[in-house]
Amino acid sequence: MSDLTDRPILNVRDLNKRFGRGCVHCRKPEDLPGLSNRCPYCGSVWACIHVSFDLYEGEILGIVGESGSGKSTLVRSLYFDAPVTSGTGEIASFKEGKANIFTESAQQKRYIKNYLMGMVYQNPWLGLKMDFSSGGNIAEKLIAAGNFNVHQIRQRASKLLDHVEIPLTRMDEKPVHFSGGMQQRVQISKALANNPSILLLDEVTTGLDLSVQARVLDLIRRIQRESHTAMIVVSHDLGVIRMLSDRTIVMKQGRFVESGLTDQILEDPHHPYTQLLVQSLL
């Protein structure tokens, strides 16, 4: 694990996200019956419940859980794909770490997305414009951050595509013609275009052949080593988390049920749900 600074690069506290209009029975997560995150009266779902965590410079934080656990909603909320219901988030390099990013203006949120964060989706169609060339996708991200120099954009796109092992002869080709693994690598290069300090990766190996998965995971590890970018890796696969993450958080029905160093989670899981996940890995 990398040496971590005392101050986290990202600090999230008490993040809550509800889907649905809500009713008197689910205005707060505490109003829900038992450990459920779904309201039996109106059908609203609390996808994230009192989520709090820190992310440090240069580390990879894994978030693991079954489908519907809320892990993808969490990273998409961090990337402002959907507004949070409540909670605070602070980035050390944004307004001296004293501003709640979730209540910032749309303009400031665009700044954070263009300069401070990168996102890689499970479905490349969400992260790429398939009618743009591979280089054009990277150019879009650079232009959004205010770089209009064509030569510099072309040079940066070439460097990034080469970095993720996309042949430069295919730089002007549209990703729609690429394999799933190549599309993911183009998406990673786009996310890295402006050297973000935080990279969010949502189920990036799902649906890929095992050999392709291994190449993508190796690429992520290499990027982390070389650039010291802090990453949050979301997966339902504890094998992926084991390969990548320094620390791991286990999520179930919108809640964090266990967290710790990845090796500790794997060797001595405490929560019954974590134990079940670890047993499925053996």
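List of remarks:
- Qualifying positions in the stretch 101-153 - under 16 Å from residue 77 (Cβ atoms) and exposed (fewer than 13 other Cβ atoms within 10 Å of the Cβ): 106
- Subset of the stretch 46-101 [at pLDDT below 95 and under 12 Å from residue 232 (Cβ atoms)]: none
Let's see how each residue does on (1) in a strand (DSSP E or B); (2) closer than 17 Å to residue 200 by Cβ; (3) not hydroxyl-bearing (Ser, Thr, Tyr):
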site	(1), (2), (3)
231	yes, yes, yes
234	yes, yes, yes
240	no, yes, yes
250	yes, no, yes
257	yes, no, yes
260	yes, no, yes
266	no, no, yes
273	no, no, no
278	no, no, yes
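- Summed over the stretch 169-219, the residues that are touching a residue at least 60 places away in the same chain (Cβ under 8 Å) and part of a helix (DSSP H, G or I) give a count of 6.
- Restricting the stretch 20-37 to residues that are in contact with a Gly (Cβ under 9 Å, 6 or more places away or on another chain) and within 16 Å of residue 251 (Cβ to Cβ), the residue that is surrounded by the fewest Cβ atoms within 10 Å (Cβ to Cβ): 29
- For the stretch 220-235, the candidate set comprises residues that are in contact (Cβ under 8 Å) with a residue 12 or more places away in the chain, over 16 Å from residue 159 (Cα atoms) and not hydrophobic (A, V, I, L, M, F, W, C); within that set, the residue that is surrounded by the fewest Cβ atoms within 10 Å (Cβ to Cβ) is 228.
- Members of the stretch 13-28 found to be over 23 Å from residue 90 (Cα atoms) and either under 18 Å from the mean Cα position of the chain (by Cα) or small (Gly, Ala, Ser) (or both), listed by number: 20, 22
- Those residues of the stretch 2-19 which are aliphatic (A, V, I, L, M) and either surrounded by 20 or more Cβ atoms within 10 Å (Cβ to Cβ) or in contact with a helix residue (DSSP H, G or I) (Cβ under 9 Å, 6 or more places away or on another chain) (or both), in sequence order: 9, 10, 12, 15
- In the stretch 203-218, the residues that are closer than 11 Å to residue 244 by Cβ and either basic (Lys, Arg) or surrounded by 14 or more Cβ atoms within 10 Å (Cβ to Cβ) (or both): 204, 205, 216, 217
The values are calculated or read from the model by the stated rules, or taken from the named source; none is laboratory data. Keep in mind that this is a model prediction, so the values were computed, not measured. Quick reminder, even Gly has a Cβ in these numbers, built from the backbone with ideal geometry, and neighbours come from all protein chains shown.
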